[in-house]
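Okay, structure first, notes after.
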Amino acid sequence: MKKSDEYHRAWGGNNETGKVISSEIIQRVKPHIVNLNNGRLSSDGIVTTNELDLSYIFDVRLKDEIEKSQMFGKPCRIVIYAHGGLVSESSGIKVAAKHVDWWLRNGIYPIYFTWETGLIGALSTILRECSSELGLSGRRDLWDHTTDPLIELAGRALGTAKIWSAMKRSAERGVQPGGGALEVASRLSALAAEYPGSLELHAIGHSAGANFHAEFLRALAAESNIEIKTLHLLAPAINIAVFKKNLLPLIAENRIALLRIFSMNERLEREDTCGVIYRKSLLYFVASACEERRGEPILGLEESVRGDRELIQLFGLDGAQPKKRAKCEIVLSSTSAKEGLRASQAETHGGFDDDPSTMNAVMRSVLEKDDGENLDQSFPNEQLQNDGRSIAEETLIDWPDALGFIRRRTLEVAEKKTIITQQASDILSTPKMKNSIKRALCVGIDGYKTKPLRYCVADAKKWDEELSSLGFDVLKLHDDEASRDRILDELAAMVKRSSPGDVLVFQYAGHGVLSPYADLDPATADDNAIVPIDGETGQLIFDYEMRHLFGNLPEMVNLTCFMDCCHSETNTRQYHVSAAGANAWLASGRDNLSSTKASQETYIGGRFIDPTSAMRDAFERRSAKRALERKVSGSSVSRSQSENLSAEAMENVSFAACQDRQVAYELDGSGRYTNHAISILKNNFGSGITNRQFHEMVKNEFIQSGFTLQIPALDCKSSYLDRVFLKSMVG
């Protein structure tokens with residue numbers, strides 16, 4: 001199958017129904033989606049949502065996020081997102097897929113309502129009938145003054161107002177007894193009561209998503225005393241009367257602390273199009289053809305806002321300050337500023353959730369960052385690239401077969417842009433052979449609460465400096481940044497982005513642990529693991545998780561790990577001894593080490609941490625939650641002794657600071673292993689030394705220093721021992 005075919009199969013662009021989305025994408029976004037059909041939890045469709053799914057989101061994922069946030073003394077930030085009403089289920093999922101990773105990397109847990117309204121099929125059929133009746137063929141002449149009014153009148157005669165009203169009723173039904181949105185509001189209320197002061201809620205509504213939030217936020221306010229920290233409305237397709245009835249009282253009562261609207265200025269609204277039929281933005285069509293009263297003022301239209309005295313005062317458009325009871329602002333694109341809290345470069349109704357300026361502005365508000373402060377992760381210019389095309393280049397609307405020519409026209413334009421761009425790239429790129437890419441993830445953690453370390457962040461910085469000098473693109477995670485989810489996400493992304501010839505490095509300096517308790521399979525009751533900053537809440541990264549992750553490495557990619565922590569020899573594969581043996585060692589082994597280390601040179605510290613009772617309890621809770629996760633996903637996968645746990649099954653090379661039953665030590669501002677390894681790397685990189693030779697050189701440094709408590713290890717398949725150290729496997 002060609003890449004372009006894979007792309008279309010993944011995103012519904014090459015099939016009759018437009019509803020095929022890859023299982024990989026579904027699995028990734030499912031913990032962040034609440035799918036509704038006419039207001040009720042959806043039991044069919046691409047992504048279903050039932051009570052069990054909600055339990056996993058609220059009782060597993062969100063409680064984990066809250067506990068991690070509490071450990072750092074921060075609020076758990078949750079974003080509730082509602083897409084537009086003229087978006088099919090598949091497009092709603094695509095919107096979530098574009099955003100989810102970005103929110104998570106900024107420490108925010110997103111929940112996306114994908115609400116199937118049925119509007120798209122009916123409305124597109126009406127537009128098609130209108131164009132057929134009027135003999136329209138896509139020409140551009142006096143559309144604004146002749147054709148658009150006819151489209152509006154014909155659409156109204158064919159029932160667009162009834163369809164739009166049904167969409168609104170779908171949002172209303174969601175917050176009535178038995179409604180899926182009401183269930184979410186109840187669960188959020190219960191979570192806030194269980195963890196008082198630990199939740200921070202934010203809401204975003206795009207287009208008709210403003211109508212959804214007009215119902216949902218009012219229901220949430222009735223369920224609990226939760227404050228909505230920010231409400232962002234992007235090109236809101238809500239009439240002003242409904243806004244004043246449902247949302248304005250919440251603003252006046254300080255239930256919504258900040259309202260910021262992003263929409264286009266009047267000129268851009270009139271230059272936008274709805275498909276290739278209606279020659280103004282969707283908001284004009286809503287006002288003139290969909291609302292019960294023709295010409296109903298719409299909150300997202302500049303001319304409607306400026307025609308309302310109360311809104312002029314509310315948003316400070318008369319030059320006066322907005323009302324003190326709440327902060328309300330409106331940002332009209334496109335702004336002169338491209339970055340900041342009040343920046344937007346969107347130039348189409350459907351373009352706001354793809355516009356980096358707008359989305360970064362929303363993120364700044366959620367994180368309470370001023371214009372001069374950097375975001376941890378800025379919004380990517382192109383999301384989920386596949387075969388050179390981003391999702392942003394597709395039409396926002398999934399037109400069904402009746403209006404397939406609209407979709408084809410949009411994609412033809414995008415295809416031409418892609419071809420032109422590729423041709424220019426081919427001309428400029430010489431030679432055309434792919435260059436090897438070098439990427440590294442460097443992790444250092446000192447700031448543990450139970451047993452802080454001193455020099456792990458310093459080690460990560462040393463590796464960063466040295467690898468950068470060798471041409472590696474280095475991503476750094478220090479202390480609070482280095483959570484379990486963030487480390488695993490960045491490792492998975494690095495592996496997934498790699499291709500034959502690339503050279504990857506994962507460096508870790510922090511605590512290691514030998515766990516004497518069972519996870520999923522009692523037969524393999526012991527594991528070694530690294531300890532992320534949130535490890536004391538049970539968020540460890542186990543050896544078998546590393547093995548599965550690195551098992552996805554593409555062929556001919558060189559991945560090398562440098563693990564400066566205790567029990568590290570096989571912590572990217574699997575340590576496998578009896579549980580009794582592990583328990584016995586944990587009970588006595590470190591006492592023996594402590595009695596002998598005094599005879600060595602001055603001791604600074606060991607990078608081990610015993611599993612505390614709190615860690616054990618947290619891990620047991622996580623094990624139960626993982627069982628629920630497997631039940632939700634329908635997976636019965638667990639660790640098994642039948643798996644190939646030998647080094648010969650490894651795809652990566654792992655240099656370890658010590659053996660599995662040993663402790664890694666610090667001395668003189670650095671980890672002992674890092675100190676020696678960096679020195680050898682500086683003096684020998686590019687000389688053609690093999691992995692085996694690099695390891696022997698580092699080990700000899702320990703022997704010559706007379707420090708025998710810690711013996712470095714090399715773990716990899718035998719054929720990789722004599723592979724050239726940190727060298728591309730291609731060319």
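The values are calculated or read from the model by the stated rules, or taken from the named source; none is laboratory data. Keep in mind the model is a prediction, meaning the values are calculated, not measured. Here the Cβ is made from the backbone with ideal geometry for all residues, glycine too, and neighbour counts use every protein chain on show. Note: accessible area is taken over every heavy atom of the protein model, side chains too, but ligands, DNA and RNA are not part of it. Shrake-Rupley method; radii C 1.70, N 1.55, O 1.52, S 1.80 Å.
Observations
- Residue within region 342-358 that is closer than 22 Å to residue 209 by Cα, basic (Lys, Arg), outside any loop (DSSP other than H, G, I, E, B) and within 31 Å of the chain's Cα centre (by Cα) present: no
- Checking each residue in region 295-316 for being over 20 Å from residue 331 (Cβ atoms) and surrounded by 22 or more Cβ atoms within 10 Å (Cβ to Cβ) picks out no residue at all.
- Condition met for residue 65 (in contact with a strand residue (DSSP E or B) (Cβ under 8 Å, 6 or more places away or on another chain), within 19 Å of residue 103 (Cα to Cα) and open to solvent by 20 Å² or more (accessible area, probe 1.4 Å)): yes
- Filtering region 682-731 to residues that are among the polar types (S, T, N, Q) and modelled with pLDDT of 90 or more leaves 683, 684, 690, 691, 693, 700, 718, 719, 728.
- If you filter region 485-517 down to residues that are touching a Pro at 6+ places or on another chain (Cβ under 9 Å), assigned to a loop (DSSP other than H, G, I, E, B) and among the small types (Gly, Ala, Ser), you find that the one that is nearest to residue 65 (Cα to Cα) is 510.
- Evaluating residue 360 against the criteria (1) within 21 Å of residue 100 (Cα to Cα); (2) at pLDDT 90 or above; (3) loosely packed, with under 15 Cβ neighbours inside 10 Å leaves one unmet condition, (3).
- Whenever a residue of region 149-168 is free of Cβ contacts under 8 Å to residues at least 40 places away in the same chain, its partners that are crowded, with 18+ Cβ neighbours inside 10 Å, lying with C-beta atoms within less than 7 angstrom and at least six residues away or across chains, give the pairs 154/130; 158/126; 159/126.
One line per residue, one yes/no per condition, for (1) open to solvent by 50 Å² or more (accessible area, probe 1.4 Å); (2) of a type outside the set (Phe, Trp, Tyr); (3) modelled with pLDDT of 95 or more; (4) farther than 19 Å from residue 543 by Cα:
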residue	(1), (2), (3), (4)
448	no, no, no, yes
455	no, no, no, yes
461	yes, yes, yes, yes
479	no, yes, no, yes
496	yes, yes, no, yes
503	no, yes, yes, yes
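- The residue list 558, 528 contains one member that is modelled with pLDDT under 85 and closer than 24 Å to residue 459 by Cβ, which is 528.
- Long-range neighbours under 6 Å by Cβ, at least six apart or interchain, first residue at positive phi within region 340-369, second surrounded by 23 or more Cβ atoms within 10 Å (Cβ to Cβ): none
- Scanning region 712-731 for residues that are among the aliphatic types (A, V, I, L, M) and either in contact with a helix residue (DSSP H, G or I) (Cβ under 7 Å, 6 or more places away or on another chain) or in contact (Cβ under 8 Å) with a residue 60 or more places away in the chain (or both) yields 713, 714, 721, 726, 729, 730.
- Just one residue in the set 39, 45 is at positive phi and either surrounded by 21 or more Cβ atoms within 10 Å (Cβ to Cβ) or at pLDDT 90 or above (or both); that residue is 39.
- Some residue of region 266-279 being in contact (Cβ under 8 Å) with a residue 24 or more places away in the chain and touching a strand residue (DSSP E or B) at 6+ places or on another chain (Cβ under 6 Å): no
Yes or no, residue by residue, for (1) over 21 Å from residue 40 (Cβ atoms); (2) among the acidic types (Asp, Glu); (3) in contact with a Leu (Cβ under 9 Å, 6 or more places away or on another chain); (4) free of Cβ contacts under 8 Å to residues at least 40 places away in the same chain:
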| position | (1), (2), (3), (4) |
| --- | --- |
| 177 | no, no, no, yes |
| 183 | no, yes, yes, no |
| 189 | no, no, yes, yes |
| 208 | no, no, yes, no |
| 215 | no, yes, no, no |
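Conditions tested, residue by residue: (1) open to solvent by less than 50 Å² (accessible area, probe 1.4 Å); (2) over 19 Å from residue 570 (Cβ atoms); (3) free of Cβ contacts under 8 Å to residues at least 60 places away in the same chain; (4) not in a loop (DSSP other than H, G, I, E, B).
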site: 651; (1), (2), (3), (4): no, no, no, no
site: 658; (1), (2), (3), (4): yes, no, no, no
site: 673; (1), (2), (3), (4): yes, no, no, yes
site: 683; (1), (2), (3), (4): no, yes, yes, yes
site: 697; (1), (2), (3), (4): no, yes, yes, yes
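- The helices (runs of 4 or more DSSP H) falling completely within region 38-108 that include 3 or more residues that are under 30 Å from residue 381 (Cβ atoms) map to 62-71, 89-105.
- Selection within region 166-194: residues that are in a loop (DSSP other than H, G, I, E, B) and among the small types (Gly, Ala, Ser). The member of this set that is surrounded by the most Cβ atoms within 10 Å (Cβ to Cβ) is 179.
- Taking the numbered list (1) closer than 27 Å to residue 379 by Cβ; (2) more than 28 Å from the chain's Cα centre (by Cα); (3) modelled with pLDDT under 95 in turn, residue 333 passes all entries but (2).
- Selection count where residues are open to solvent by 60 Å² or more (accessible area, probe 1.4 Å) and at pLDDT 80 or above, scope region 13-36: 2
- Checked against (1) in contact with a Pro (Cβ under 8 Å, 6 or more places away or on another chain); (2) surrounded by fewer than 18 Cβ atoms within 10 Å (Cβ to Cβ), residue 347 meets all criteria but (1).
- Candidates 303, 292, 296, 310 - the one that is under 19 Å from residue 257 (Cα atoms) and not hydrophobic (A, V, I, L, M, F, W, C): 310
- Within region 62-90, the residues that satisfy the criterion of being under 17 Å from the mean Cα position of the chain (by Cα), of a type outside the set (Val, Ile, Thr), farther than 25 Å from residue 164 by Cβ and modelled with pLDDT of 90 or more are 62, 76, 77.
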